[in-house]
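Computed from the coordinates by the stated procedures, all read-outs in this text should not be read as laboratory data. On a predicted model such as this, the values are computed, not experimentally measured, just so you know. In this analysis, Cβ positions are derived from the backbone assuming ideal geometry, glycine residues included, and neighbour counts consider all displayed protein chains.
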Amino acid sequence: MAAFHSGMFAAISRKRSLHFTYLIVIMRKRILFISLLVTMLAIVIYSLVSTQLYYNITVDEMHTSLEVYLNIYNAEEYPLTAEGASDYSAKLNGARVTFMDGEGHVIADSRADNIETDHSDREEVVEAIQSGEGYAVRSSDTLSLDMVYYCRAVDVDGQTYLIRVAENLQSGWSMYAQLLPSLAAYFIIDVLGCLVFTFIATYFILRPVESLTREAAGGGTVTTRYPELSTLAEILNERNRNIEWKMSEVEEEKKLVERAQNSKNEFIANITHEMNTPLTSIKGYAELLSSGMLTEEQKNQAYKTISSQSERLTNLIACIINYNEIDDDTLPPYDVDLSKLTREMIAVVKPEADKRGVTIIDKIDDNVIVQSRHELMTQLTGNLIRNAIRYNKKGGTVTVELNYKKLVVADTGIGIAPENMDKVFSRFFTVDKSHGGKNGGFGLGLAVCRKICHRSGWRISVESELGKGSTFTVDFGLR
């Protein structure tokens, strides 16, 4: 059985270890996936934010440059003509130059192709007309470029004109597109870095946990030098204890089955023996009566024997039925005045005690109430007190003590041998080896008492010394 216990524990431990190894692999994949997801997302977000910041800085710098360009404008050197616009654009390193009247109508432009003549609705022109200068950025869908415009109102020969300069600027998406090759390289580096990180994380974080599990799989007590893993170690130890406890339960259940079977066989053997004795007597005397060889006196004796043995057989069957009905009884308990019931039982058995020369001493407290049933308490008190009388000595005493904690029945009788103490509450056990010889018992009384106590959640015990008496105690479990 120990080998079976050890083998089962080892099998469970191996299965749990393999399961944990599988979990380690899953966790490694999960760490790798999450780290890749987080870092790649961080790279993408960082690149987008960086590109946008670079774009905004570039726009601001270009705005400042365009303001500087207009600061060097001279109307005499660059007249408000197409030639002047071209010369001024050349001076500004190719920046686009547009001359407009005070209402936003184009006079000349350094880029003369397909020029609209009315720019009065343009944002920078409107602001320049209203406040003297204007600024705007517009995108070109066809060229994937942005144009930065700066417009300023100037006075030429007493009239107000608008001069606008503009330069091309890469769009934000165009800038980001140029970063894609670099991003791809970063992604490759990120994958390698995440693989290294996953290995390090699993080695330094999961390896101690894996080591704990392997120790637990060995069935011993798990210990760890990492304080943060002490709780896990205790959980694993508790799991091991639970497994051992469960397997012990299984083993105990098997023993209870291998004992129930033995008890069943013993029960059948005892019943057979108990029934066989009266049946043999009944059959034997019946055959003698039928032979016609008995005298009248012998016939009368035969009739009496058949009658007494039949009654004994009937009583045995009634006792067995009563014993089994205790388990099958599903009726609910109720308050029973055990003080009153015990005193009534003493009155019932007093004639038998007087006949045997036994004195009953009453030490019963009043109003001791227990949760049970009247018929069960009658059997409990009746069996204990009757046994104390039957197995007593002439001139002996039976002391019945009752309080809210316990019921005690003590006698000064023949006592119980030490080797029989563990059999006292067994079915069909009697101190009289003839099973119901001169004392007339079947050995079921104390077994019934034990069943009743077990049903009520009480504890019944016995103390005895051979030749000096026995003390039976029913502990109600109240303190």
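Numerical summary
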{"quantity": "Pairwise FRET efficiency - R241 versus N56, Cβ, R0 = 60 Å, nearest 0.05", "calculated": "0.40"}
{"quantity": "Listed pairs K246/K423; K340/K451; K350/K468; K340/K405; K304/K394 exceeding 24 Å between Cα atoms", "calculated": "K246/K423; K304/K394"}
{"quantity": "Where Rh is the Kirkwood radius over Cα pairs, Rg/Rh for the range 331-475", "calculated": "0.94"}
{"quantity": "Sparse-neighbourhood loop sites, chymotrypsin sites (Phe, Trp or Tyr not before Pro) in the range 362-433 - DSSP loop, at most 15 other Cβ within 10 angstrom", "calculated": "Y404"}
{"quantity": "Per-residue Cβ neighbour rank within 10 angstrom, fewest leading, F197, F33", "calculated": "F33, F197"}
{"quantity": "Rounded FRET efficiency, nearest 0.05, which uses the C-beta distance separating W173 from A82 and R0 of 25 Å", "calculated": "0.15"}
{"quantity": "Candidates per trypsin sites (Lys or Arg not before Pro) in the range 71-141, loop by DSSP, up to 14 other Cβ within 10 Å", "calculated": "R111"}
